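The values are calculated or read from the model by the stated rules, or taken from the named source; none is laboratory data. Everything quoted here is computed from the prediction, not taken from an experiment. Counting neighbours? That spans all protein chains shown, and the Cβs are built from the backbone with ideal geometry, glycine included. We work out accessible area using only protein heavy atoms, side chains counted, and drop any ligands, DNA or RNA first. Shrake-Rupley method; radii C 1.70, N 1.55, O 1.52, S 1.80 Å.
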Amino acid sequence: MTEQATLAGGCFWCTESVFKQVDGVTEVVSGYAGGHVADPSYEAVCREETGHAECVQLTYDPDVVSYEDLLAVFFTTHNPTTKDRQGNDVGTQYRSAVFYHDESQRETVEALIEEIQPGYDSDIVTEVEPLETFYPAEEYHQDYFEKNPNQSYCQLTIPPKIEKLKQKHAELLA
């Protein structure tokens, strides 16, 4: 039996690339959550007209990788202390957020944030809110780095995240 997690840690191309490396993650879909417009387009999200965050929805096998492990990867591979920003990407669509699927996920992420906060110099600003609706992004955003390995933005931002994943969570790699 699989479960799902929905996480927003900046650009979904980057987040997708990280979680595709994790053993037990069977599917990663880039998309949008946390907004107020039905079926948003990438362009409208980027113009900050919809309130959505770029995020990924993970399908995973909890017998292989736990929700806690997925959250550990999430917090390791993005900066949860910058509001509406990841590196040079600025805007509400790049906010740090966990969209929980049930009360157990909410409790887990809130406890983890409390546990890891002392390790940060600034407050963790990750939003924790219930998942209302997840909208898959347009097809050209799916598997973006695999389809566009020479794209300069990807070359600059994704390899350091994957390297951090390998350094901090080698035991979780597929």
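Screening residue 100 with (1) open to solvent by 70 Å² or more (accessible area, probe 1.4 Å); (2) within 29 Å of residue 37 (Cβ to Cβ); (3) hydroxyl-bearing (Ser, Thr, Tyr) gives one miss only, at (1).
Of the residues examined, residue 109 is one that is surrounded by 18 or more Cβ atoms within 10 Å (Cβ to Cβ), of a type in the set (Val, Ile, Thr) and out of contact with any Cys (no Cβ under 6 Å at 6 or more places or on another chain). Taking the conditions (1) within 15 Å of the chain's Cα centre (by Cα); (2) of a type in the set (Lys, Arg); (3) more than 11 Å from residue 9 (Cβ to Cβ) in turn, residue 106 satisfies each one other than (1). Modelled with pLDDT of 95 or more and outside any strand (DSSP E or B): does that describe residue 50? Yes. Scanning the stretch 123-133 finds no residues that are loosely packed, with under 12 Cβ neighbours inside 10 Å and either modelled with pLDDT under 95 or hydroxyl-bearing (Ser, Thr, Tyr) (or both). Only one entry of 43, 48, 3 meets the criterion of being open to solvent by 60 Å² or more (accessible area, probe 1.4 Å), farther than 17 Å from residue 143 by Cα and in contact with a Pro (Cβ under 6 Å, 6 or more places away or on another chain), and that entry is 3. Going by what's in this entry, would residue 132 be described as in contact with a Lys or Arg (Cβ under 8 Å, 6 or more places away or on another chain) and touching a residue at least 60 places away in the same chain (Cβ under 8 Å)? Answer is no for this residue.
Here is a yes/no grid of residues against (1) of a type outside the set (Gly, Ala, Ser); (2) without any contact (Cβ under 8 Å) to a residue 60 or more places away in the chain:
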site	(1), (2)
42	yes, no
62	yes, no
72	no, no
77	yes, no
84	yes, yes
99	yes, no
102	yes, yes
115	yes, yes
118	yes, yes
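If you go through the stretch 141-151 and keep only what is open to solvent by less than 90 Å² (accessible area, probe 1.4 Å) and among the polar types (S, T, N, Q), you end up with 142, 148, 151. Can you find, within the stretch 6-40, the residue that is most open to solvent (accessible area, probe 1.4 Å) among those that are outside any strand (DSSP E or B), farther than 20 Å from residue 62 by Cβ and in contact with a helix residue (DSSP H, G or I) (Cβ under 6 Å, 6 or more places away or on another chain)? The qualifying residue most open to solvent (accessible area, probe 1.4 Å) is 13. In the stretch 152-169, is there at least one residue being touching a residue at least 24 places away in the same chain (Cβ under 8 Å), on the phi < 0 side of the Ramachandran plot, loosely packed, with under 15 Cβ neighbours inside 10 Å and of a type in the set (A, V, I, L, M)? No, because not a single residue in the stretch 152-169 is touching a residue at least 24 places away in the same chain (Cβ under 8 Å), on the phi < 0 side of the Ramachandran plot, loosely packed, with under 15 Cβ neighbours inside 10 Å and of a type in the set (A, V, I, L, M).
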